[in-house]
């Protein structure tokens with residue numbers, strides 16, 4: 001079961017087209033990643049610096065399948081997958097929940113993917129994932 | 001009792017100083033306003049357009065009392081207050097929750113205030129608040 | 001020659017890692033798209049609504065090659081390419097300019113790609129690009 | 001003569017009301033502050049850390065006078081004013097430029113004010129402004 005993050009679309013997520021600006025989908029996915037890490041006991045704010053590493057995003061991809069508007073309720077699924085000793089991928093699915101009282105089901109609003117590489121802060125060279133992070137990725 | 005909105009600080013709320021960018025505090029306050037309206041049955045996305053009005057923010061003020069970092073848990077209180085037949089004020093208090101296991105209490109991280117004016121979409125002239133909105137403001 | 005957009009990295013583009021947040025690269029690319037359209041006499045704010053179409057982004061991809069910090073000067077190249085009668089791709093390259101007095105040259109900070117589909121506002125069905133937009137895409 | 005910063009409103013500055021989100025006006029003012037500092041030879045990214053100080057914003061105020069839409073050209077004036085040995089105020093005026101060919105003049109779109117306090121990074125106590133910053137503030 002992937003980790004799921006519940007979120008409401010805010011006014012500041014939207015643009016003049018009346019819907020969520022495309023780059024905001026990725027920011028929302030990153031929120032889900034932060035929540036998934038925190039739920040696993042790996043807080044983004046301190047875990048990486050405590051381990052002397054940074055884990056920047058090297059690549060992102062997204063498919064925007066359905067517009068989202070202010071007030072929409074979404075669920076963001078996050079599933080990590082190992083790429084190598086020092087890198088991993090996160091697969092995201094953003095689901096739009098049905099309006100209250102609606103007979104329709106959840107609809108997929110977006111799919112996204114980010115690729116993360118672990119780098120030693122001191123040397124700027126690739127480094128194996130810290131064990132606790134590796135455990136989260138491999139257990140995902 | 002003012003309405004309270006719970007929120008975690010996200011990485012995208014922060015800036016290179018490592019803490020929440022000052023303008024983001026106001027965006028977070030607006031989220032609390034949206035949640036307070038929704039809880040009162042007045043969804044921002046449709047209520048105003050259904051009533052043929054816009055309710056833009058004419059003024060804002062904020063005092064930044066304490067930095068907030070990624071992962072911090074906050075509670076945002078929203079209290080509306082009537083200014084005139086066609087305008088109202090929202091008073092916000094952002095409280096930083098203590099870290100789990102900490103003996104200290106909540107600390108106020110910011111105070112903010114926004115002033116809202118109701119305008120008829122068609123004529124662009126000031127108009128009395130729609131009754132349901134007035135009821136929310138007066139009951140606040 | 002692709003269109004080029006010059007930009008300075010602002011404090012609000014950065015996150016607590018001290019560098020531009022990954023999703024902001026895509027927002028910056030969209031600024032370059034807006035400027036390229038405006039330079040071609042096709043202002044985003046009015047062109048699409050005047051033609052009864054919307055042109056949402058269906059997909060995005062980005063490779064983050066080099067961090068960008070507050071104050072960095074960048075140049076964003078935009079090159080459109082036709083996909084079909086009703087869709088096109090934008091290829092972006094973000095170049096980091098050398099610091100004043102530096103002997104080194106420009107370095108590529110990111111590559112990105114967005115895919116755009118033209119849809120009739122009234123019917124929500126795919127529609128051929130308006131001629132002026134098609135001319136810009138094909139001349140790119 | 002106050003420093004002036006020229007800017008075009010981007011799509012990502014707007015919200016579902018079709019105009020610039022109120023908190024973005026403050027982010028845009030901060031861009032003007034960064035540009036004014038850079039023009040005075042005081043780059044935000046390095047000047048403060050080089051001097052062992054942080055200069056956080058303690059208060060902000062804004063009056064939103066006129067909506068701004070995607071593509072609008074603005075000019076942001078920044079005028080610093082000394083408050084005390086360790087603090088200063090920035091006064092901002094955002095002017096909306098007339099559309100090309102329009103006979104009307106610039107119109108004030110917003111007025112804003114931020115209050116900045118200089119704090120020693122090491123001790124977290126108030127400290128006198130570094131001389132170069134004081135010179136910029138006093139010469140403003």
**Asked** Want the number for residue C:103 to residue C:66: 0.36 nm per residue separation, take away the alpha-carbon distance, what's left?
**Response** 11.5 nm
**Message:** Give the average, rounded to an integer, of partner chain Cβ atoms located within 10 angstrom of each Cβ in A:1-13.
**Reply:** 4
**Request:** Please order C:31, B:85 by the number of other Cβ within 10 Å, starting at the fewest.
**Result:** B:85, C:31
**Asked** Could you give the angle, 0 to 90 degrees to the nearest 10, between helix A:22-39's Cα long axis and the longest principal axis of the Cα atoms of chain A?
**Response** 60 degrees
**Message:** Please report the projected area of chain C's Cα convex hull averaged over all directions, in nm².
**Reply:** 9.1 nm²
**Unit Cα scatterers, Debye sum, region B:64-140: log10 I(q)/I(0) for q = 0.18 Å⁻¹** = -0.77
**Fill in**
Going from the fewest other Cβ atoms within 10 Å to the most, one would list B:104, D:121, B:60, A:12 as B:104, D:121, A:12, B:60
**Item:** Choice from C:71, C:18, C:101 showing the highest fluctuation, given a GNM over chain C with Cα pairs closer than 10 Å
**Value:** C:101
**Distance between modelled label sites at residue B:8 and residue B:134, nm, 7 Å Cα→Cβ extension** = 4.3 nm
**Asked** Taking Rh as the Kirkwood radius computed over C-alpha pairs, what is the Stokes-Einstein D of region D:5-84 at 4 °C in a medium of viscosity 1.567 mPa s, expressed in µm² per second?
**Response** 90 µm²/s
**Prompt:** Roughly speaking, what is the centre-to-centre gap between region D:68-87 and region B:88-115 when only Cα atoms are used, to the nearest Å?
**Reply:** 28 Å
**Prompt:** Going by how many other beta carbons lie within 10 Å of each one, how would you line up B:107, D:59, D:96, fewest first?
**Reply:** B:107, D:59, D:96
**Item:** Value of [θ]222 nm, deg cm²/dmol, for chain D, DSSP H segments ≥ 4, -39500 (n - 2.57) each, nearest 500
**Value:** -7000 deg cm²/dmol
**Prompt:** When N is the residue count of the protein assembly as shown, what does its C-alpha Rg come to as a fraction of 2.2 N^0.38 Å?
**Reply:** 0.96
**Prompt:** Under the definition of Cα pairs under 8 Å and six or more residues apart, what whole-number percent is the relative contact order of chain D?
**Reply:** 28 percent
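Rule-based calculations on the coordinates, nothing more; no lab input. No experiment lies behind these values; they were computed from the predicted model shown. Virtual Cβ from ideal backbone geometry, glycine too; neighbours counted across all protein chains shown.
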